[in-house]
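Enquirer: Below: one structure in structure tokens.
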Amino acid sequence: MKLYSTLLLIACLIALPLNVSGQESAITPDSISAESDTTAVLSKKELKRLKRANRNVHYNILGGPSYTPDFGVLVGGSALVTFRMNAKDTAMRRSVVPASIAFMFNGGLNVVVKPQLFFKDDRFRIFGQFLYKNTRENYYGVGYTTNKNYLRGKETSQYKYSGIQINPWFLFRLKESNFFAGPQIDLNYDHMMDVAKGITEDPDFIKAGGTADGYKNFSSGLGFLLSYDSRDIPANAYKGVYFDFRGIMYQKWLGGDDNYYRIELDYRQYKSVGKRKTLAWTVQSKNVIGNNIPINKYVLSGTPFDLRGYYMGQFRDKSAHLAILEYRQMFNTDKSNIWKRIISHLGYVAWGGAGFMGPNPTRIEGVLPNVGVGLRIEVQPRMNFRLDIGRDFVNKQNLFYINMTEAF
């Protein structure tokens with residue numbers, strides 16, 4: 001089933017960039033001739049392609065059977081929308097809105113939207129993450145040793161989850177520099193239901209307020225971001241540096257159920273090593289501070305955007321750090337025929353790295369080695385659909401991922 005889903009998606013994706021997203025932007029009216037009846041017919045086709053390429057909004061919508069390591073076989077769809085806030089300003093950076101929706105065969109639903117909106121002269125940005133989930137998930141306890149040895153199953157780790165996250169960031173450019181600063185809001189509602197017996201006996205679940213009837217929590221956070229961004233294209237950089245520091249306080253006086261804090265550091269660098277060849281690396285640190293951390297707000301090691309290969313949420317604690325090096329290459333052809341044009345939309349990546357986790361930033365209790373490879377399919381210029389397979393060396397397993405845009 002995994003192979004069938006993958007082949008189906010690849011077939012759709014290879015076709016879509018040639019028909020939907022208007023990538024024939026190199027066409028100009030000067031290149032269109034009408035010297036004969038034959039070329040006149042061709043001219044109409046070229047003009048139609050030119051009109052499509054000049055549209056402000058470009059989009060790709062994909063759907064069909066799919067697979068994720070956390071939810072198994074499902075029916076889902078992904079959309080990638082790019083546009084300029086001012087359609088007449090061709091120098092304006094294009095905003096990017098990737099979104100995905102998944103319907104699980106057990107009745108679950110998962111919706112994720114991660115917009116990157118750029119305003120005039122890139123002096124103001126709105127980024128963020130918006131999630132809605134009503135799914136079957138797994139809880140493995142807190143701490144490396146507990147996580148590593150926790151048995152995954154219906155009677156031990158599974159529960160029904162319903163939750164929503166609203167997390168916009170507002171970034172203002174500081175004078176003429178590449179520095180940005182601004183506030184962020186983070187609202188989270190988490191509801192665990194039908195929890196397995198093994199979860200109800202977990203000491204951290206009990207400490208957080210969980211019972212045999214489940215667990216509810218609302219977190220309301222207000223924070224500040226300071227970032228440096230010299231990337232050429234944030235969604236798929238070939239060169240540049242990105243550094244992000246953020247701190248968020250979650251407080252009862254803001255309407256939440258608990259008082260705690262979250263501090264994150266994120267450094268990424270990109271170096272072009274040839275035509276459409278990039279070496280990218282990232283070092284990240286995420287930490288939560290407080291005595292009463294909500295059970296769903298511990299730092300997770302292993303997501304589709306970092307240590308691909310580990311079940312999302314299997315490894316959680318108050319602190320997690322990681323370092324990843326990734327090589328990315330798209331295939332370069334002269335595009336002289338349809339097969340070469342198709343190949344020019346394909347590429348691959350290979351990465352290696354490790355995660356480190358523990359109960360505080362300086363105490364490391366577990367190391368999570370990670371390697372993997374992936375296929376890239378360009379659905380719009382510099383916007384890729386990715387299929388990755390990553391290795392979890394701790395539990396000796398391989399997990400498969402499907403997503404829009406690069407992991408970091």
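Please treat every number below as a calculation from the coordinates, not as lab data. Keep in mind the model is a prediction, meaning the values are calculated, not measured. Backbone-built Cβ (ideal geometry, glycine too); neighbour counts: all protein chains shown.
Enquirer: Going by the conditions given, is V273 surrounded by fewer than 15 Cβ atoms within 10 Å (Cβ to Cβ) and within 23 Å of R386 (Cβ to Cβ)?
Expert: Spelling it out, V273 is indeed surrounded by fewer than 15 Cβ atoms within 10 Å (Cβ to Cβ) and within 23 Å of R386 (Cβ to Cβ).
Enquirer: Hey, does the stretch 126-136 have a residue that's more than 30 Å from M357 (Cβ to Cβ) and part of a strand (DSSP E or B)?
Expert: First, pick out the residues of the stretch 126-136 that are more than 30 Å from M357 (Cβ to Cβ): 126.
Cutting the leftovers down to part of a strand (DSSP E or B) gives us 126.
Yes, the stretch 126-136 contains at least one residue that is more than 30 Å from M357 (Cβ to Cβ) and part of a strand (DSSP E or B).
Enquirer: Restricting attention to the stretch 74-114, which residues are among the aromatic types (F, W, Y) and crowded, with 19+ Cβ neighbours inside 10 Å?
Expert: Across the stretch 74-114, there are no qualifying residues.
Enquirer: OK, next. Can you name every one of the strands (runs of 3 or more DSSP E) wholly within the stretch 295-408 that holds 1 or more residues which are without any contact (Cβ under 8 Å) to a residue 60 or more places away in the chain?
Expert: Answer list for the stretch 295-408: 299-301, 319-330, 346-358, 366-380, 383-392.
Enquirer: Taking only the stretch 303-343 into account, find how many residues are closer than 21 Å to V288 by Cα and more than 20 Å from the chain's Cα centre (by Cα).
Expert: So the count comes out to 3.
Enquirer: Those residues that are more than 24 Å from N287 (Cβ to Cβ) and buried (at least 16 other Cβ atoms within 10 Å of the Cβ), I need them from the stretch 165-191; list them, please.
Expert: The answer is R173, N178, H191.
Enquirer: If you don't mind, there's one more thing I want to ask. Here are some residues: G256, G209. Which one is over 20 Å from the mean Cα position of the chain (by Cα) and either loosely packed, with under 15 Cβ neighbours inside 10 Å or part of a strand (DSSP E or B) (or both)?
Expert: G209
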